[in-house]
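Written out below as structure tokens is the structure these notes cover.
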Amino acid sequence: MPIAFRKQVRVDSWSFWSCVVKDLRGKQFSEDEESNIAIDEDIFGGERKIEDQYTLDSEYIKRYLGELTPMQESRLLQLRKWIADLQKGKVPSDTTLLRFLRARDFNVEKAREMLSQSLLWRKKHQVDRLLSEYETPEVVKQYFPGAWHHHDKDGRPLYILRLGQMDVKGLLKSIGEDGLLKLTLHVCEEGLKLLEEATRSSEHAVQAWSLLVDLDGLNMRHLWRPGVRALLRIIQIVEANYPETMGRVLIVRAPRVFPILWTIVSTFIDENTRSKFLFYGGKDYLQPGGLLDYIPKDLIPDFLGGPCKSFVHEGGLVPKSLYVSGAFTERDGDPLSEDSIYRSVSLAKGQVHEAVVRNRDPQSVLTWDFDVLRHDIAFTVFHTALEMPEPESCATALCASGGEPRAVLPALEQRGWREGRHYQRVEPTLVCHDGESIQGSHVMAECGSYVLQWRCELLDSAHRAAQLMYFHETLASHQYK
């Protein structure tokens, strides 16, 4: 909002605020409310102690801030005065103050603490310079599937993210977590600017933007845990510094794997923000109650069957030639675990390494993620309903190069076990080449033991051993519906 608006504010009648404060006396409030009311009385009662800059005009409020109760106006003025004292007169816009107040249910003390931390964060990371100084990396221009797209029916700026086409791993290995964070913050700063423009061009306050997320193409590779952790850290930063900017989130073409991702991510999203999510599976988004209720028909993007040409990039896999060495490494203290979740083994010519997973939950899902370093490795998944010897521990371990391979099926074959009779191949053999990263999943329809097997396809024993770095986990059946 332009500074000029503050200079044009006309002062409301002081008796109005006196009546508000008097009306509050004698009512029953919580401790937090009583504390805030006491401060209200100090500011508005008795002598007229504050300057014109700490007053609001009713027309200004309606035009640029939306509908506010007298109590909310009072809290806004308190926060503005307190922040002005702390920031030596450099006060954020009233819309910014309101966002932080709403994020803390208009508790002034909590809002001030949250906003103060955010202002320090902005100063430390020079966020105010992002709009003028940010240079979009080439890999983002070519492979990031997100962009602003007109507006929704409420006049909110609309951002589209084709998450199902986003190569999180490739982007992180190309620009790093800091690069992805900076990209996200730039989008948020663009959003704040678009909100100001939307408010100026419309007849009402536009205080939040909308997000349309297309999940077509989402699969297990999007559950790459280091990538999920990086996204969670970014979500936490955005939640702390851009509160109440999300007016509505429309999720379309949600596949079966989405509930797993949502279970992981949703706990890191503010409850009020979560309530703004609307989900559509299949082509439900084209039915009554779908996108047409929220986005003008002529602005439905073409890739969703609408008439409007979208400039959102289709995304796709980032070529490994664009990876930057050291761009992304796992960090300590992430939200989901303490140590690296990957295990590493070396495989010489013909050697086999296996991970045995016991399943007692039919319809649960076995997922895997592994990288092949040097030479080719053949990967297969087997199942047996027969009792197998208790395998060595396959628990999550600190990634250590040169771990000893372990194999169960070859030992059982020496005892007479045969494929097709004692155990079955449930996933066809996949030959993975040097430098490849593989993610996949298998629905474990039956109880029993499932075996993930990696076999070195090295042709010449004189060459150095192949390196395998892998992770696997089981997702309970109730998570995968």
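Once both labels are modelled 7 Å past Cα along the beta-carbon direction, what's the A147-E419 spacing in nm?
So the label points at A147 and E419 sit 4.7 nm apart.
Under 14 Å from the Cβ of L322, count the other residues' Cβ atoms, weight Lys and Arg +1, Asp and Glu -1, and hand me the total.
Net local charge, L322 excluded: +2.
In nm, give the distance between the simple-model label positions of S132 and A240, each being 7 Å from the Cα along the Cα-to-Cβ direction.
In this crude label model, S132 to A240 measures out at 2.7 nm.
Would you mind computing Rg(Cα) / (2.2 N^0.38 Å) for region 176-277, counting N as its residues?
Cα-based Rg divided by the globular estimate yields 1.16.
Beyond a 19 Å Cα-Cα separation, which of these cross-linked pairs lie in this structure: K153/K297; K90/K124; K124/K173; K276/K297?
From the list (K153/K297; K90/K124; K124/K173; K276/K297), the Cα-Cα distance tops 19 Å for K124/K173; K276/K297.
For I234, what accessible area in Å² do you get when you roll a 1.4 Å probe over the heavy atoms of the protein chains, rounding to the nearest 10?
Approximately 10 Å² of I234 is accessible to the 1.4 Å probe.
Can you give the FRET efficiency for F303 and S266, using 1/(1 + (r/R0)^6), R0 = 30 Å, r = Cβ-Cβ distance, to the nearest 0.05?
The pair F303/S266 has a calculated efficiency of 0.70.
How would you order 199-207, 146-154 from highest to lowest mean count of nearby Cβ atoms within 10 Å?
My ranking of the peptides, most packed first, is 146-154, 199-207.
If we count every other residue with Cβ under 11 angstrom of R122's Cβ, Lys/Arg +1 and Asp/Glu -1, where does the sum land?
Net local charge, R122 excluded: +1.
What's the FRET efficiency of L286 with E203 using the Cβ-Cβ distance as r and R₀ = 22 Å, to the nearest 0.05?
The calculated FRET efficiency here is 0.10.
Tell me, what are the semi-axes, in whole angstrom and largest first, of the equivalent ellipsoid of region 69-193 as set by the roots of 5 times the Cα gyration tensor eigenvalues?
With the √(5λ) rule applied to region 69-193, the semi-axes are 33, 18, 12 Å.
Report Rg(Cα)/(2.2 N^0.38 Å) for region 145-196, keeping two decimals.
Dividing the Cα Rg of region 145-196 by 2.2 N^0.38 Å gives 1.29.
Between Q363 and D105, what is the label-to-label distance in nm when each label sits 7 Å out along the Cα-to-Cβ direction?
Inter-label distance under the simple model: 3.8 nm.
If I stretch the segment between Q439 and R406 completely, what's the gain in nm (0.36 nm per residue apart, minus their alpha carbon distance), one decimal?
Extra length from Q439 to R406 when fully extended: 9.7 nm.
The values are calculated or read from the model by the stated rules, or taken from the named source; none is laboratory data. Model, not experiment: these values are computed from the prediction. Cβ sites come from the backbone with ideal geometry, for glycine too, and all protein chains shown count toward neighbours. Note: accessible area is taken over every heavy atom of the protein model, side chains too, but ligands, DNA and RNA are not part of it. Shrake-Rupley method; radii C 1.70, N 1.55, O 1.52, S 1.80 Å.
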